[in-house]
Amino acid sequence: MIYDEEKQLKNDKKGENRDMDCRIVTIPGDGIGPEIVREACKVLDKTGQVFGHKFQYTEILMGGCSIDAYGVPLTEEALETARKSDAVLLGAVGGDVGNSRWYNVAPNLRPEAGLLAIRKGLNLFANIRPAYLYSQLADACPLKKEIIGDGFDMVIMRELTGGLYFGERHTSSVDGVMTAVDTLTYNENEIRRIAVKAFDIAMKRRKKVISVDKANVLDSSRLWRNVVEEVAKDYPEVELSHMLVDNCAMQLVMNPGQFDVILTENMFGDILSDEASMITGSIGMLSSASLNETKFGLYEPSHGSAPDIAGKDMANPIATILSAAMMLRYSFDLDEEADAIESAVQKVLTDGYRTGDIYGEGCTKVGTEKMGDLIADNVCRQ
Ligand code: IPM
Ligand code: MG
């Protein structure tokens, strides 16, 4: 990130934001990825115009498109380009498992392996997935009105570079019986650093952390619980409680309003975040940020590449646009600008515009591009 010191001084005097040059690597990826990233960049550019920042984009390939071009889902060069940037904006990777070009190969050469490799390669261990019920979309929420109550606003803090997804695995014949092994390992340092992120974020919210584990069965969960308890001592203002993952899956649909920050390990977070996204009405609304120890992060919608609707101008770009807002907030400290994007999304929803996935009676149905235009048009200083 490059600050223009003279400009900044001048702006500070005027009480305005500093001008910033932000070097963003974009990964359009596969399926609907390119069209939703395009709309997010459109909204970023408009935000840059309004607030006086410049966003520079460098595109890299990852996923199926990288397999087609280079035979691997992520090249070393692409990873290096991402590493040198200030932040990464990702659409989605992967495709139809029927696509033999991408899926009839070893697991470590499939599109999703690119995603796992970039998370690990850039040490993006903290995955923040907010699940918030927009009042405008309450009708799209599959839960009963009495369960929804005043709505919900939670953040899932998912550990992203450890656990089952990165443990050793193999499949072999044991005494003539095909046997598969996946290993689930966590060390105390991995648990501590994600717990610290969860408590930090709770301090800026309603100061409540629910740590989710399976401590009645798993050793890794028992260690998880002990370490989280230790970290909690440094945050006396935050209320900590523990919940077993099966109970959490149930509580999410029984009483979602009870959650503020959910702290959990990789696989539990993967599953629970899909569940949480569905009760917001559409997975097309959910943004996410994956961060390392510094301000560097990768921002992506929580949904997949939806190959069935790719290129049809049907995808909902809001999750990616909100991910770009998270990028401004977490990587560039541009809170006012992030607020402006979030308000623009609210305004467009209030005005009744909807993509197909969130469409309801009396609303105006729009495509991907139009939704991007509307949100960009509504970005302004508050
Ligand atoms: C997600 C996805 C990925 C994950 C897959 C595509 C590897 O489901 O980001 O939630 O499990 O992390
Ligand atoms: Mg998932």
Boolean, Ile318 is hydrophobic (A, V, I, L, M, F, W, C), surrounded by 24 or more Cβ atoms within 10 Å (Cβ to Cβ) and free of Cβ contacts under 8 Å to residues at least 60 places away in the same chain: yes
In segment 96-127, what residues are within 12 Å of ligand 1 (Cβ to nearest atom) and either in contact (Cβ under 8 Å) with a residue 60 or more places away in the chain or touching a Ser or Thr at 6+ places or on another chain (Cβ under 7 Å) (or both)? Pro111, Gly114, Ile118, Arg119, Lys120, Leu124, Asn127
For segment 22-131, list the helices (runs of 4 or more DSSP H) that sit wholly inside it and hold at least 1 residues that are surrounded by 24 or more Cβ atoms within 10 Å (Cβ to Cβ) and among the charged types (D, E, K, R); which are they? 33-51
In segment 261-280, how many residues are of a type outside the set (S, T, N, Q), within 28 Å of Ala344 (Cβ to Cβ) and buried (at least 22 other Cβ atoms within 10 Å of the Cβ)? 3
Can you say whether Arg206 is among the basic types (Lys, Arg), in a loop (DSSP other than H, G, I, E, B) and touching a residue at least 40 places away in the same chain (Cβ under 8 Å), as far as the supplied structure shows? yes
Quick test for you: out of Val245, Val217, pick the one residue that is within 16 Å of ligand 1 (Cβ to nearest atom) and of a type in the set (Val, Ile, Thr). Val245
Residues satisfying the stated conditions in segment 281-310, i.e. within 16 Å of ligand 1 (Cβ to nearest atom), surrounded by fewer than 23 Cβ atoms within 10 Å (Cβ to Cβ) and part of a helix (DSSP H, G or I): Ile283, Pro307
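Residue-by-condition table, conditions (1) touching a Phe, Trp or Tyr at 6+ places or on another chain (Cβ under 7 Å); (2) of a type outside the set (Ser, Thr, Tyr); (3) surrounded by 12 or more Cβ atoms within 10 Å (Cβ to Cβ):
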| position | (1), (2), (3) |
| --- | --- |
| Leu133 | yes, yes, yes |
| Ala138 | no, yes, yes |
| Leu143 | no, yes, yes |
| Asp153 | yes, yes, yes |
| Ser173 | no, no, no |
| Gly176 | no, yes, no |
| Arg193 | yes, yes, yes |
| Val196 | no, yes, yes |
| Lys207 | no, yes, yes |
Please tell me if Ser290 is out of contact with any Cys (no Cβ under 9 Å at 6 or more places or on another chain), among the polar types (S, T, N, Q) and closer than 17 Å to Met157 by Cα. yes
Scan Met250, Met278, Met314, Met254 and give me the residue that is under 17 Å from Arg38 (Cα atoms) and not β-branched (Val, Ile, Thr). Met314
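If I ask for residues that are of a type in the set (Val, Ile, Thr) and either outside the structural domain of Phe166 (by TED's automatic domain parsing) or buried (at least 16 other Cβ atoms within 10 Å of the Cβ) (or both), which ones from segment 216-260 would you list?
Within segment 216-260, Val227, Val228, Val231, Val238, Val245 qualify.
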Might you check whether a residue that is in contact (Cβ under 8 Å) with a residue 60 or more places away in the chain, within 22 Å of Leu143 (Cβ to Cβ), under 22 Å from the mean Cα position of the chain (by Cα) and in a helix (DSSP H, G or I) occurs anywhere in segment 230-253? yes
Could you grab me the full set of residues in segment 352-363 that are touching a residue at least 12 places away in the same chain (Cβ under 8 Å) and over 22 Å from the mean Cα position of the chain (by Cα)? Gly352, Tyr353, Gly360
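Condition check ((1) without any contact (Cβ under 8 Å) to a residue 60 or more places away in the chain; (2) closer than 23 Å to Leu223 by Cβ) across all residues:
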residue: Leu133; (1), (2): no, no
residue: Leu137; (1), (2): no, no
residue: Lys145; (1), (2): yes, no
residue: Asp150; (1), (2): no, no
residue: Met154; (1), (2): no, no
residue: Glu159; (1), (2): no, yes
residue: Glu168; (1), (2): yes, yes
Which residues, counting only those in segment 169-213, are over 18 Å from Met267 (Cα atoms) and either among the small types (Gly, Ala, Ser) or not assigned by TED's automatic domain parsing to the domain that holds Tyr235 (or both)? Ser172, Ser173, Gly176, Ala202
Which number in (1) within 16 Å of ligand 1 (Cβ to nearest atom); (2) more than 20 Å from Phe51 (Cα to Cα) marks the one condition that Leu322 misses? (2)
Let me spell it out: the conditions are (1) within 30 Å of Leu349 (Cα to Cα); (2) more than 11 Å from ligand 1 (Cβ to nearest atom); (3) modelled with pLDDT of 95 or more, and Ala138 meets all of them except one. Which number is the exception? (3)
I'd like the full set of residues that are more than 10 Å from ligand 2 (Cβ to nearest atom) and among the charged types (D, E, K, R), limited to segment 263-291. Glu265, Glu275
Test result for Leu115, in the same structural domain as Val345 (by TED's automatic domain parsing) and closer than 21 Å to Ile321 by Cβ: yes
In segment 327-347, the residues that are part of a helix (DSSP H, G or I), in contact (Cβ under 8 Å) with a residue 24 or more places away in the chain and within 16 Å of Leu298 (Cα to Cα): Met327, Leu328, Tyr330
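The values are calculated or read from the model by the stated rules, or taken from the named source; none is laboratory data. Remember, it's a predicted structure, so these values are computed and weren't measured experimentally. Virtual Cβ from ideal backbone geometry, glycine too; neighbours counted across all protein chains shown.
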